[in-house]
Amino acid sequence: MTGASRGLGLETALTLAQAGFHVWAGVRDTAGVGTMMASARERGVALVPLQLEVTDPLSVDSAFETVARDSCPLFGIVNNAGITARAYFEDFPEERIRKTFEVNLFGAMRVTRRALPLLRKAGRSRIVMISSIGGRIGSMSVSPYVASKFALEGFSESLALEVRPFGVDVSIIEPGMVKTEIWDEDRRILSQARDGSSPFYEMFWKAEAMTEKALANSGLQPKDVAQCVLHAMTVPRPKLRYVVGGRARLVIALFRHFPGFENFYFSELLRRVTKGGKRASDDGSAAKRTAAHG
Ligand SMILES: NC(=O)c1ccc[n+]([C@@H]2O[C@H](COP(=O)([O-])OP(=O)(O)OC[C@H]3O[C@@H](n4cnc5c(N)ncnc54)[C@H](OP(=O)(O)O)[C@@H]3O)[C@@H](O)[C@H]2O)c1
């Protein structure tokens with residue numbers, strides 16, 4: 001399990017351990033081990049911490065050397081580690097775009113490639129990819145994240161065909177919005193998006209307000225995602241895709257079954273962020289809001 005220090009990863013690691021799995025709980029920074037283990041003690045389960053920085057080949061190699069030495073064979077991996085940041089595309093520094101792909105796509109590929117010999121050897125095993133509804137439908141302010149998750153979906157779908165003959169099943173989990181630290185404003189909003197001189201400033205903050213509202217109204221909990229991963233890990237014939245959350249399921253179903261819905265959906269999003277004018281105003285109100293947003 002990658003990214004088990006907090007959020008969906010921690011809840012999933014605890015849920016799998018509770019169900020009887022021997023869980024290697026990957027943590028990027030060992031400073032996070034204390035709180036992770038305290039959560040495990042509270043739930044009365046055991047996790048085995050494993051230093052695992054998915055962008056570092058040496059860290060991934062060393063983690064899998066440890067796993068391979070264990071007497072318990074590897075049954076499955078969960079590629080959960082993920083990052084995001086929010087700004088309109090033109091405001092995104094290239095290095096942040098690359099970093100997003102390094103973690104969300106290349107990190108998952110690196111871990112998967114290193115795990116595959118062990119998973120093939122097991123004969124019957126699982127790979128679970130934590131994607132997102134953003135792996136199916138685009139949105140403003142998160143184009144690098146969405147691009148990385150679309151890529152993760154394409155990778156996973158293709159990989160599934162390659163490894164199924166070896167008894168390895170691949171499942172892609174697509175959660176809607178769940179309140180975790182990934183949504184912390186300081187963590188997610190890039191300084192470029194806070195700059196009142198950005199031509200996207202007004203639209204960006206309207207989109208953020210919509211996002212905040214949707215997040216506050218989302219009934220989804222980390223445990224819903226964790227239960228879905230447990231299901232994909234334990235059912236005899238797991239599906240390739242699982243959408244988590246009623247709203248996410250509804251939107252994806254509307255996209256799939258009603259060809260006209262896509263245009264309506266994107267036009268409506270655009271209408272909401274452009275109503276009242278799309279450019280940053282010149283009267284200083286944008287600068288005032290920059291200060292208000294920190
Ligand atoms: N929350 C949502 O609304 C939502 C919705 C759909 C999909 N997802 C996906 O679910 C996954 C988990 O998200 P979350 O909401 O739980 O986020 P989170 O609370 O920010 O947790 C992210 C986890 O990934 C770890 N991580 C980040 N970079 C890493 C790296 N380079 N190597 C190893 N671990 C790394 C973090 O470790 P540190 O603590 O060391 O930083 C942390 O454990 C992500 O893939 C995300 O895209 C989330």
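Among residues of segment 233-248 that are farther than 22 Å from Leu159 by Cα, those with a beta-carbon under 8 Å from a residue that is in a helix (DSSP H, G or I) and open to solvent by 30 Å² or more (accessible area, probe 1.4 Å) at least six positions away or on a different chain give the pairs Gly245/Ile133; Gly245/Asp224; Ala248/Ile133. Are any residues in segment 91-112 within 16 Å of the ligand (Cβ to nearest atom) and in contact (Cβ under 8 Å) with a residue 60 or more places away in the chain, and if so, which ones? Passing the criteria: Arg96, Gly107, Ala108, Val111. Kindly provide the set of residues from segment 114-140 that are within 16 Å of the ligand (Cβ to nearest atom), closer than 24 Å to Leu58 by Cα, touching a strand residue (DSSP E or B) at 6+ places or on another chain (Cβ under 7 Å) and open to solvent by 50 Å² or more (accessible area, probe 1.4 Å), ordered by number. Passing the criteria: none in range.
The set of residues from segment 48-91 being basic (Lys, Arg) and open to solvent by less than 50 Å² (accessible area, probe 1.4 Å) comprises just one member, Arg86.
The values are calculated or read from the model by the stated rules, or taken from the named source; none is laboratory data. In this text the structure is predicted, and so the values were computed from the model without any measurement. Because the Cβ atoms are built from the backbone with ideal geometry, glycine has one as well, and the counts that use them run over all protein chains shown. All accessible areas refer to the heavy atoms of the entire protein, side chains included, with ligands and DNA or RNA removed. Shrake-Rupley method; radii C 1.70, N 1.55, O 1.52, S 1.80 Å.
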